[in-house]
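Data block below; observations after.
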Ligand SMILES: *Cc1c(COP(=O)(O)O)cnc(C)c1O
């Protein structure tokens with residue numbers, strides 16, 4: 001079950017990850033930033049875990065381009081760290097189903113042994129290489145998303161929602177009490193706005209809102225206000 005301390009800095013439970021069942025695990029898979037919470041743990045925490053663990057730490061950095069830091073600088077120093085990235089988020093190319101990774105030569109060497117069985121196709125490979133060559137062109141979009149998520153976070157907070165400080169391209173939003181995430185999802189869908197309800201236990205009163213263009217986010221906020229107004233008048237009519 002996910003434990004979220006709303007509005008607080010998120011720290012990695014390092015001691016838990018070094019003992020108990022984690023000690024027997026073949027590898028430890030962590031997402032930083034995390035999905036669906038949008039939270040980010042300091043790289044010093046990641047380093048502390050990697051340095052103390054004798055397990056392979058697989059670090060999913062799918063959303064890292066929206067975060068303040070990355071663990072890439074640790075790669076040369078630790079042979080038990082594998083970092084995974086994807087073109088699905090910050091490069092807006094989920095359809096090619098291609099990702100990439102960074103690891104110590106020892107880890108990469110072991111992956112190479114089985115690469116032929118699970119390799120990507122040449123078209124996906126070519127598109128990925130081309131995207132990386134033009135990655136500077138995405139910086140403006142990343143800046144827009146970081147700006148917009150702050151604006152939407154503030155607007156939602158004013159309307160009575162709790163929002164985790166996000167380091168990703170989405171916001172995890174706890175809806176005001178009285179209705180759950182699925183109710184909000186249905187109401188928003190009627191207004192042609194699609195949001196996700198995280199399937200995780202403990203997040204039933206949450207929706208996950210992806211950050212889009214400014215007009216899209218304005219439409220989302222307008223829909224939220226309309227729903228809130230309808231709720232208020234319904235309640236006062238009862
Ligand atoms: C979106 C996301 C993924 C999915 O990546 P794909 O390359 O599209 O499979 C994986 N991990 C995290 C943390 C994500 O947010």
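Structure data summary
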{"quantity": "Rg/Rh (Cα only; Kirkwood hydrodynamic radius) as it applies to the range 185-238", "calculated": "1.03"}
{"quantity": "Theoretical FRET efficiency, 1/(1+(r/R0)^6), r = Cβ-Cβ of residue 106 and residue 130, R0 35 Å, to 0.05", "calculated": "0.75"}
{"quantity": "Shape of the range 2-133, Cα gyration tensor, a/c cut at 1.5", "calculated": "oblate"}
{"quantity": "Neighbour-count ranking [beta-carbon atoms within 10 angstrom, fewest first] of 146, 23", "calculated": "23, 146"}
{"quantity": "Footprinting exposure proxy for 57, 14 (fewest neighbouring C-beta atoms within 10 Å first)", "calculated": "14, 57"}
{"quantity": "Inter-centroid distance (Cα atoms) of the range 19-68 relative to the range 90-123, Å", "calculated": "19"}
{"quantity": "Crossing angle, helix 105-118 versus the chain [Cα axis fit, 0-90 degrees, rounded to tens]", "calculated": "70"}
{"quantity": "Förster-model FRET efficiency, 25 Å R0, residue 139 and residue 76, C-beta, rounded to 0.05", "calculated": "0.50"}
{"quantity": "Rounded if a/c under 1.5, otherwise prolate or oblate - the range 139-237, Cα gyration tensor axes", "calculated": "prolate"}
{"quantity": "Enclosed volume per residue, in Å³, of the convex hull spanned by Cα atoms of the chain", "calculated": "149"}
{"quantity": "Pairwise FRET efficiency - residue 204 versus residue 231, Cβ, R0 = 22 Å, nearest 0.05", "calculated": "0.75"}
{"quantity": "Angle between the chain longest axis and helix 139-158 axis [Cα atoms, degrees, rounded to 10]", "calculated": "40"}
{"quantity": "Helix 181-190 vs. the chain, principal-axis angle (Cα, 0 to 90°, nearest 10)", "calculated": "70"}
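Bear in mind these aren't lab numbers, they're just calculated from the coordinates by the rules spelled out. A quick note: this is a predicted structure, and the numbers were derived from the prediction, not measured. Note: ideal-geometry Cβ built from the backbone for every residue, glycine included; neighbour counts use all protein chains shown.
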